[in-house]
Amino acid sequence: MKIVLEVTFRMGGVSYRGHRWEGDALVFEFERLGDAFIQVLSRRKVEEEVEREPSAVIVELKTKEGGKIFEAALEGGVYRAREP
């Protein structure tokens, strides 16, 4: 089945690194590791083919300062998330 994730980040410079399963939750991994970033909203769309439906879709953003983890909500067949 295809999972579509749309994420809005608070800054540019975000790279998609892949996905993994943690139990029944599907975790999408992103990274922002540089020193300077554009201070505008940045939107990313990712589509992945997975073998089963997840119980939750999680976005993991790794940064030099540590990182953030937040959940995506299913809206009209698309998972949507916004960086807090």
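The values are calculated or read from the model by the stated rules, or taken from the named source; none is laboratory data. Please read all numbers here as calculations on a predicted model, not as lab measurements. As a convention, Cβ positions derive from the backbone with ideal geometry for all residues, glycine included, and neighbour counts pool all protein chains shown. We work out accessible area using only protein heavy atoms, side chains counted, and drop any ligands, DNA or RNA first. Shrake-Rupley method; radii C 1.70, N 1.55, O 1.52, S 1.80 Å.
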*Are any residues in region 49-75 among the basic types (K, R), within 18 Å of S15 (Cα to Cα) and in contact (Cβ under 8 Å) with a residue 24 or more places away in the chain, and if so, which ones?*
K62, K64
*Within the bounds of region 60-67, is there any residue that is surrounded by 12 or more Cβ atoms within 10 Å (Cβ to Cβ) and of a type in the set (K, R)?*
yes
*For P84, which of the numbered conditions (1) open to solvent by less than 20 Å² (accessible area, probe 1.4 Å); (2) assigned to a loop (DSSP other than H, G, I, E, B) fails to hold?*
(1)
